[in-house]
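Chemist: This is the structure I have questions about; it appears just below.
The values are calculated or read from the model by the stated rules, or taken from the named source; none is laboratory data. Worth saying up front: this structure is predicted, and the values here are computed from it rather than measured. Heads up, the Cβs are rebuilt from the backbone with ideal geometry, glycines too, and the neighbour counts pull from every protein chain shown.
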């Protein structure tokens, strides 16, 4: 069937990656340009719902509007499957997505989004275009480090400012909850858009719209019911709401620029107040109903040393499953070096006898672990080793087998079935400006920027997983990133049996600014061919795979009370507010487990909505989910720690398995 994700558009320059939206007149797809890989939105305007004269009308509006706060039109595509408008792609969804019942958007960030909308409207109004349907669903978002940038979309029912008479064709088309009083009689003006912005501002500040009810009740309220502004609204914002939500258009702000000026003055006052109080408000503040459950566990195993990560694998038979734990043991005798151990613990799904475990000495600290059908792969600073699967009941002593020495630090991941490994390395060079054209490590590459003073040579290599014996790296590694770009690999993620994602931070290009500029994700297939690059405009912390294909859950390194839910195909990012500062993450079939450093455990469903918070033990160091209802949690407090097995079915929480 035509227009399905992953299908081809005949004779098109673009490849569809997936459906991202469904509008009144057609569908919106995420697509990539075949030659450049640039992401765009393809808006399919169906002939039956959107006849040619309306199509040409919206296209005329879009082509005349070129502004950072408006989703602009780039081209027009005609194919055998339909007509498509090629538009800017906004990965952050709509403003409705940040208007959550349980989380309130940071006051200054909310005002910043309204400021963006007013800037876009000012540009449109100066060109005689009235949007006529301003609402959160029509405000798209691009992510930035500390929040979002708002962009106005969907000019499908927009009108020219001189078209103030009643229009029989469109009537009072729009969204009654956000419509100005005169709109119900088919009248249009720039002031009508400002009224709609006032409704959105009211909703951002209070969590509710000023008027509720059915369309007929909303019409009556907008026309007759006096506005009530709650005391919770900051004093600096009250006059803006009172003016923008006047019943008579003549009493409102005269222009978007005038309303924007008033808003900017309010923002300046609130910023000064925030500086005086020195209080740091989270980007997304939890305001929902707080419920906290107590912590109980089935079993606890005392630990002799701290455990820094846990791993498990559903493909390993239950009666032979291991939980592999890297831990540090500091010898008490003077003069003895620090030694590291890997602990192999039997963890069947339903058994009281899971405490049988073995210690295996290693000379280096384990950094990463992967439990796979072949056994437990262990990565240290400069080597890869394999602990084969064993049946603990057999009494055989496990033996660590070194399989790959490395001459430099590296990142790795093992394919879910254990059939291959991906290995990435970094080599960063600092260049003098005068020497940038002749720097020896990269002398054969033409640097793209003359003023760059650093360059990173990173490589990716694929290795077949061994059943026995040593490994060797391929002679021709894959070069990552473009020459002259300063990226540092932070993580490798084997997405499935054929694809791996390389996650890297884009470093600052000068010594003046040391803050990384964002995250780059490059996706490769098993043959080493790059399938696409995503320039993520935020700093990602630890990222984990989820049961949803090509979806990652990551910490937002810039916003400590937020998570990033990132879909790679089609590309979307949802920033999720949380009431704790994420430290450890785990994913399972029903959702996610997030733990902070104080031991608070937050359970979230697959959409990122809060299920329950649990008062867990302090000083957690690692978590894992061997099955959907079992949580393993390791703790360490200076000199002692425990490994807990928690049966979520036995806790008093609203969770269905």
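Chemist: Please specify each residue of the stretch 407-423 satisfying the condition of being on the phi < 0 side of the Ramachandran plot and in contact with a strand residue (DSSP E or B) (Cβ under 6 Å, 6 or more places away or on another chain).
Modeler: 408, 410, 411, 412, 413, 414, 415, 420, 421, 422, 423
Chemist: Among the numbered conditions (1) loosely packed, with under 13 Cβ neighbours inside 10 Å; (2) at pLDDT 65 or above, tell me where residue 1 comes up short.
Modeler: Tallying (1) loosely packed, with under 13 Cβ neighbours inside 10 Å; (2) at pLDDT 65 or above, residue 1 fails exactly one: (2).
Chemist: So, one more: Of all the residues that make up the stretch 198-213, how many are assigned to a helix (DSSP H, G or I) and either more than 14 Å from residue 252 (Cα to Cα) or out of contact with any helix residue (DSSP H, G or I) (no Cβ under 6 Å at 6 or more places or on another chain) (or both)?
Modeler: 7
Chemist: Only one of (1) without any contact (Cβ under 8 Å) to a residue 40 or more places away in the chain; (2) more than 37 Å from the chain's Cα centre (by Cα); (3) assigned to a helix (DSSP H, G or I); (4) under 16 Å from residue 203 (Cα atoms) fails for residue 216. Which number is that?
Modeler: (4)
Every residue, every condition in (1) under 25 Å from residue 266 (Cβ atoms); (2) touching a strand residue (DSSP E or B) at 6+ places or on another chain (Cβ under 6 Å); (3) modelled with pLDDT of 95 or more; (4) surrounded by fewer than 21 Cβ atoms within 10 Å (Cβ to Cβ), yes or no:
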{"site": "173", "(1), (2), (3), (4)": "no, no, no, yes"}
{"site": "182", "(1), (2), (3), (4)": "no, no, no, yes"}
{"site": "186", "(1), (2), (3), (4)": "no, no, no, yes"}
{"site": "194", "(1), (2), (3), (4)": "yes, no, yes, no"}
{"site": "197", "(1), (2), (3), (4)": "yes, no, yes, no"}
{"site": "201", "(1), (2), (3), (4)": "yes, no, yes, no"}
{"site": "206", "(1), (2), (3), (4)": "yes, no, no, yes"}
{"site": "231", "(1), (2), (3), (4)": "yes, no, no, yes"}
{"site": "238", "(1), (2), (3), (4)": "yes, no, yes, yes"}
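Chemist: Please list, ordered by first then second residue, the pairs with beta carbon atoms under 9 Å, 6 or more apart or interchain, first in the stretch 510-523 and closer than 21 Å to residue 459 by Cβ, second modelled with pLDDT under 80 and part of a loop (DSSP other than H, G, I, E, B).
Modeler: 516/507; 516/508; 520/481; 520/485; 522/481
Chemist: Name, by its number, the condition in (1) at pLDDT 80 or above; (2) part of a loop (DSSP other than H, G, I, E, B) that does not hold for residue 315.
Modeler: (1)
Chemist: I'd like to check something: does the stretch 274-292 contain any residue that is over 34 Å from the mean Cα position of the chain (by Cα), more than 30 Å from residue 632 (Cα to Cα) and assigned to a helix (DSSP H, G or I)?
Modeler: no
Chemist: If you go through the stretch 66-93 one residue at a time, how many are at pLDDT below 85, outside any strand (DSSP E or B) and surrounded by 16 or more Cβ atoms within 10 Å (Cβ to Cβ)?
Modeler: Of the residues in that region, 1 qualify.
Chemist: For the stretch 21-39, state whether one or more residues are more than 22 Å from residue 568 (Cβ to Cβ), surrounded by 15 or more Cβ atoms within 10 Å (Cβ to Cβ), modelled with pLDDT of 70 or more and not assigned by TED's automatic domain parsing to the domain that holds residue 153.
Modeler: yes
Chemist: Can you tell me which residue in the stretch 393-427 is modelled with the highest pLDDT, limited to those that are over 27 Å from the mean Cα position of the chain (by Cα) and in a strand (DSSP E or B)? Walk me through it before giving the result.
Modeler: The initial filter retains those residues of the stretch 393-427 that are over 27 Å from the mean Cα position of the chain (by Cα), namely 393-409, 418-420, 427.
When the remaining residues are screened for being in a strand (DSSP E or B), the result is 401-405, 420.
Details: 401: 80, 402: 82, 403: 84, 404: 84, 405: 85, 420: 90.
Applying the filter and picking the extreme gives 420.
Chemist: Could you count how many residues in the stretch 604-646 are more than 28 Å from the chain's Cα centre (by Cα), assigned to a strand (DSSP E or B) and surrounded by fewer than 15 Cβ atoms within 10 Å (Cβ to Cβ)?
Modeler: 2
Chemist: Would a scan of the stretch 270-286 turn up a residue that is surrounded by 15 or more Cβ atoms within 10 Å (Cβ to Cβ), more than 23 Å from residue 115 (Cα to Cα) and in contact (Cβ under 8 Å) with a residue 24 or more places away in the chain?
Modeler: yes
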